[in-house]
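Everything below concerns the one structure shown next.
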Amino acid sequence: MAENIIELKHVKKTYHMGTEKIRAVNDVSFTIEKGEFCCLLGTSGSGKSTLLNLMAGIEKASGGEIKIKGYDIRKMSEKSLADFRQRYLGFVFQSYNLIGSMNAIENVELPLVFKRVPAAKRRKLAIKMLKQVGLGSRMEHKPNEMSGGQQQRVGIARAFIAKPEIVFADEPTGNLDTKTTMEVMDLIHTMARRNYQTIVMVTHDPRLADYGDKIIHVLDGNITDIEKKKSAEDIDKECREAAEAYKAELAAKKKAKAERIAALKSGAVETMTEKENSKREN
Ligand SMILES: Nc1ncnc2c1ncn2[C@@H]1O[C@H](COP(=O)(O)OP(=O)(O)OP(=O)(O)O)[C@@H](O)[C@H]1O
Ligand SMILES: [Mg+2]
């Protein structure tokens, strides 16, 4: 039986604009299982971002119950909610939300600064993470010295570095072209599978929602349909395979590096012998 990592029951969010009431989320109930890649799909103004922000504890619900990992986040104090978010949740934003004065490494390190990871270890992990997202050669660049796709890769590296159990993403490819969008989607999917992480992603694009193991259709603050496309067993299997594949990839890289070093060393010995020989000949 898969674990329901997120459970919503009769969740509501009403905004008051003068005398007008806007029901952005209107009595919504659903569950998301651990490891699931879940997409919230709907047109502009349907309430997707509001719903995501309620689950992520960024906004306060007007009613209902929101349980994450079995904890009712509506009953938590501000302090425990902040600790909970830092410990279990990651975020990827449409506008990247990087800090302009910091380079890629420093941006990616940030969640570990809050977790009080020592500086040298932080740096090492940030570099490893940036290499994983294909930015090994842009690590010293500041956000305004990178393309949109590269900035979003930094955003993804930052969201995943502390290995949060759940990553929330609101239109993470909203500012990217089609090719980069697909690359970023693949990246989020691969990282999530590798570490058995749960993703909740907002999109208005049915083609992107197709990445989801579950698609929750949102319209006018209501859920109109929930499509479950993959069983917990299949997701579990894919996660195990992804973790194995990554382990094998790292092992192959390590082996290749060791071979290169060995070749260099024997090359150096040969060169020295050659030199000695030519000295003797002369
Ligand atoms: N802070 C707010 N105050 C008042 N109304 C709001 C507020 N935030 C959102 N709304 C309203 O709630 C509804 C849902 O907004 P939401 O941002 O969740 O939509 P969305 O599906 O994310 O749309 P988009 O695809 O355009 O981002 C909209 O009608 C919006 O105008
Ligand atoms: Mg939105």
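The values are calculated or read from the model by the stated rules, or taken from the named source; none is laboratory data. In this text the structure is predicted, and so the values were computed from the model without any measurement. Methodologically, a virtual Cβ is constructed for each residue, glycine included, from the backbone with ideal geometry; neighbour enumeration extends over all protein chains shown.
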Exercise for review: Name the one entry in Asp186, Asp236, Asp220 that is more than 21 Å from Ile68 (Cβ to Cβ) and in contact (Cβ under 8 Å) with a residue 12 or more places away in the chain.
Suggested key: Asp220
Check your understanding: Does any residue in the stretch 49-71 that is farther than 12 Å from Lys9 by Cα come within less than 6 Å, Cβ to Cβ, of a residue that is basic (Lys, Arg) and away from ligand 1 (no atom under 16 Å from the Cβ) six or more places away or on a different chain, and which pairs are these?
Key -> Gly57/Arg85
Check your understanding: How about the stretch 24-59: which of its residues are away from ligand 2 (no atom under 15 Å from the Cβ), assigned to a strand (DSSP E or B) and more than 15 Å from Gly212 (Cβ to Cβ)?
Key -> Asn26, Asp27, Val28, Ser29
Exercise for review: Tally the residues that are farther than 11 Å from Thr173 by Cα and free of Cβ contacts under 8 Å to residues at least 40 places away in the same chain, restricting the search to the stretch 139-149.
Suggested key: 5
Check your understanding: Across the stretch 74-95, which residue is farthest from Leu176 (Cα to Cα) among those that are over 21 Å from the mean Cα position of the chain (by Cα) and not in a loop (DSSP other than H, G, I, E, B)?
Key -> Lys75
Exercise for review: Please determine, by comparing only the residues of the stretch 163-183 that are modelled with pLDDT under 95 and within 10 Å of the chain's Cα centre (by Cα), which one is nearest to ligand 1 (Cβ to nearest atom).
Suggested key: Pro172
